[in-house]
Amino acid sequence: MTLARKAVHLDPANELAEFQSAARALITHGLVTERYPQPGALALVRRFEEPLRNEFSRLCHWRLDLGPTCARLLRRPATLSWRRPARTATASRRPFRPETYAFLCLVLASLEGLGNQTTISQLAHEVARLRAGDPAIPFDLTLHAHRRAFVDAVAWLEQRGIFVLIDGDTERFVTAGGDALYDVDRDAAGHLLASPPSVLAGLVSPEQFLDEPYPPTPEGAQSRARHRVHRRLLTEAVLYYEDLPEEERDYARQRRTRAREELERLTGCTLECRAEGQALIGLPAAEPFPAGGAVAQAALLFGSELAGRASGTDGARRSVSSTEADGAWRNVLAVYAGRFTADYRAEPERLRSEAMALLESLGLVITHSGGDISVFAALARYRAEVRLPDTLDV
């Protein structure tokens, strides 16, 4: 019995919704523990382990691993993208910097030599020892930027339940103000280090990590196209036909009815198909939008103005000249500037820059060197009347 048929026979009133909830947790977060992303998620994954494993393997060629205290979905993407960064556990959810990624790997590696409990100062000592002699990874805890990146890596693991705080305060380590004691979930930590050295041997570029062997047959080519199209729909905000290689573009167009049936059954979301591409609507995003905060709200307002001014027939993209973009921002200021926080009222161009950076990170616009803007079709989804509070609070 295939996974799709297994899902069909789930009780629509209870089982199917819970199966889809477990699938969404794995797609969105990758690692599920007793604490993360919420209590009860791991129990659901365990309940539907077999159909989830089979479905993800069939649709995406993704592997689901379950351990004593966690579940890990190895979500190999279709493409590399700067739009899917890891984000800090802080309220601002800052994208990881390169050194933060390095420290995250070093912290996980340091657990091999530590016990079931550790402190943040012990972690710092082990990280310093492991990177000793490697000038490509500077680690100097007298520098605030390095302490910040190190604490961000530890807090990211704490948020996911790999570290369970027993005493102290993780964040205080940034200012050298104290220590913190943790219980360590070694099973979950081990599942985060899922690639043995043999997998990485011989790789000289990140792109090579995405290479996968398929049989050199028509069936193998179709399997590759199926997996990569499904991965795009599950990990990217929008799949645009013009961005796809020919085989994937043909598969996405010709099999869209089947893809809609399978992905909607898996996730409980809606696959929207338009002339320019497809999008899975309702899957929790890594970067929620619309969202609260001055920058996100300004991006919504500015984006709505840009979508209204976009012109042309260039596939999924429309053009807005730099002059029109300036006019769009003046409209936002004329109506809403009085509602900005004091900092942004004093520096409205900084708010514009940050709002544009957010729209670009979401794949909704591209700014060109001369100031002209390419607006993607998906931005039109956010054109709406917006009712705001008296102040756009950060």
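Please treat every number below as a calculation from the coordinates, not as lab data. The structure displayed is predicted, hence computed values, not measured ones. Cβ coordinates were reconstructed from backbone atoms using ideal geometry, including for glycine residues, and neighbour counts include every protein chain displayed.
What is the sum of charges around Pro138, taking Lys and Arg as +1, Asp and Glu as -1, for the other residues whose C-beta is under 13 Å from the C-beta of Pro138? Can you show the working numbers first?
On the way: positive: Arg97, Arg131, Arg147; negative: Glu99, Asp134, Asp140.
For residues surrounding Pro138, the net value is 0.
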For this session: Find how many whole Å separate the alpha carbon centroid of segment 153-189 from the alpha carbon centroid of segment 9-65.
Result: 27 Å
For this session: Select from Pro51, Pro218, Pro284 the residue whose mean-square fluctuation is largest in a Gaussian network model of the chain (Cα-Cα springs shorter than 10 Å).
Result: Pro218
For this session: Give the value in nm², to one decimal: projected area of the alpha carbon convex hull of the chain, averaged over all directions.
Result: 23.0 nm²
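Provide Val32, Val332 in ascending order of the number of other Cβ atoms located within 10 Å of each residue's Cβ, fewest first.
On the way: Val32 27, Val332 22.
So the ranking, lowest neighbour count to highest, is Val332, Val32.
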Seminar exercise, completed: the chain, Gaussian network, Cα under 10 Å: of Ala310, Ala25, Ala71, the residue fluctuating most is Ala310
Exercise. For the chain, modelled as a GNM with alpha-carbon contacts under 10 angstrom, which of Thr217, Thr100, Thr88 fluctuates the most?
Worked result: Thr217
Exercise. If you add up the charges near Asp185, with Lys and Arg at +1 and Asp and Glu at -1, over every other residue whose beta carbon is less than 15 angstrom from its beta carbon, what do you get?
Worked result: -2
Problem set entry | 10 Å-binned pair-distance histogram of segment 98-192 (Cα, whole percent) | 17, 56, 25, 1
Exercise. What is the dipole size for the chain, taken about its Cα centre, with +1 at each Lys and Arg Cβ and -1 at each Asp and Glu Cβ, in debye to the nearest 20?
Worked result: 740 debye
Seminar exercise, completed: DSSP beta bridges in the chain: the antiparallel percent, rounded to 5, is 95 percent
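Using the eigenvalues of the Cα gyration tensor, what equivalent ellipsoid semi-axes result for segment 3-80 when each is taken as the square root of five times the eigenvalue, whole Å, largest first?
On the way: eigenvalues 68, 56, 21 Å².
Listed largest to smallest, the semi-axes of segment 3-80 are 18, 17, 10 Å.
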Problem set entry | Cβ-based exposure ranking for Asp372, Asp152, in which fewest neighbours within 10 Å come first | Asp372, Asp152
